[in-house]
1. Which residue out of 251, 233 is part of a strand (DSSP E or B), without any contact (Cβ under 8 Å) to a residue 24 or more places away in the chain and within 20 Å of residue 20 (Cβ to Cβ)?
2. Pull up the stretch 255-275, narrow it to residues that are surrounded by 13 or more Cβ atoms within 10 Å (Cβ to Cβ) and more than 21 Å from the chain's Cα centre (by Cα), then point me to the one that is modelled with the lowest pLDDT.
3. So residue 204 clears everything in (1) surrounded by fewer than 16 Cβ atoms within 10 Å (Cβ to Cβ); (2) at pLDDT 95 or above except one condition, right? Which one?
4. Out of curiosity, is residue 209 modelled with pLDDT of 95 or more, out of contact with any helix residue (DSSP H, G or I) (no Cβ under 6 Å at 6 or more places or on another chain) and part of a strand (DSSP E or B)?
5. Go through the stretch 83-126 and give me each residue that's under 19 Å from the mean Cα position of the chain (by Cα) and more than 20 Å from residue 57 (Cα to Cα).
6. Any residue at all in the stretch 182-192 that is farther than 30 Å from residue 266 by Cα, surrounded by 15 or more Cβ atoms within 10 Å (Cβ to Cβ) and within 19 Å of the chain's Cα centre (by Cα)?
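The values are calculated or read from the model by the stated rules, or taken from the named source; none is laboratory data. Everything numeric here is computed off the predicted structure, so don't read it as measured data. As a convention, Cβ positions derive from the backbone with ideal geometry for all residues, glycine included, and neighbour counts pool all protein chains shown.
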């Protein structure tokens, strides 16, 4: 709310808000577990000419099992400010991520601060961001780290290799270390396509505790003047778990493409497989761009 209030007083505000509702079921053998999900997302930005540029993102979702009344919920928010000085972009980013405690999840409440600095060159750019984060709950932690990304063109592709490192101090004691290599590839001819690959390896002392890696893919196309198709796919693999998610969204715009803002109706179909459990869902939403 503070982020929205800050952006609301700024001129040149642009963004969109989406409300959605979906129903689905998890399938495990011959057992079915139906559930419903309510969600909300908002993003807004103000690109400053003389002053700083401001960006705000917020997401929230709540799921409830129809049969046994089990539930889960999460919310996250990010507010960032950027100021361009010559070819150097100075940033300040505040993030908050929370997971609702439930019978199966302990819950979390993470707050993070980062100070990204980007050096823009004619052929490539380099960014580095020191970070601090804390989860004050009993099962939480405090951590400090650093992330760096290089961005450059390779033909029609934009490549962004990067790596992050952090030191974590759990409230239970000891120290843990994480290494997060990653690569993002973007392609814009015909339709936007983005692929992001990342890994996370955690160790305590000299022992490797766990390793995981993920893959995210987003493709966007407009086959008709008022239709926007979005395909999202992501995969997660760890030593003891794996998950694959597919989400297809078709958004029908109630206004012409040339107009600024307006209402649209996104319709979604999703498929998720976590280990050996499959989930199917369909959803309907309402989106307003301003």
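1. 233
2. Among those residues, the one meeting the criterion is 255.
3. (2) is the only condition that residue 204 fails.
4. Taking the combined requirement at face value, the residue does not satisfy it.
5. 107
6. Within the stretch 182-192 (the criterion being farther than 30 Å from residue 266 by Cα, surrounded by 15 or more Cβ atoms within 10 Å (Cβ to Cβ) and within 19 Å of the chain's Cα centre (by Cα)), the answer is yes, since at least one residue qualifies.
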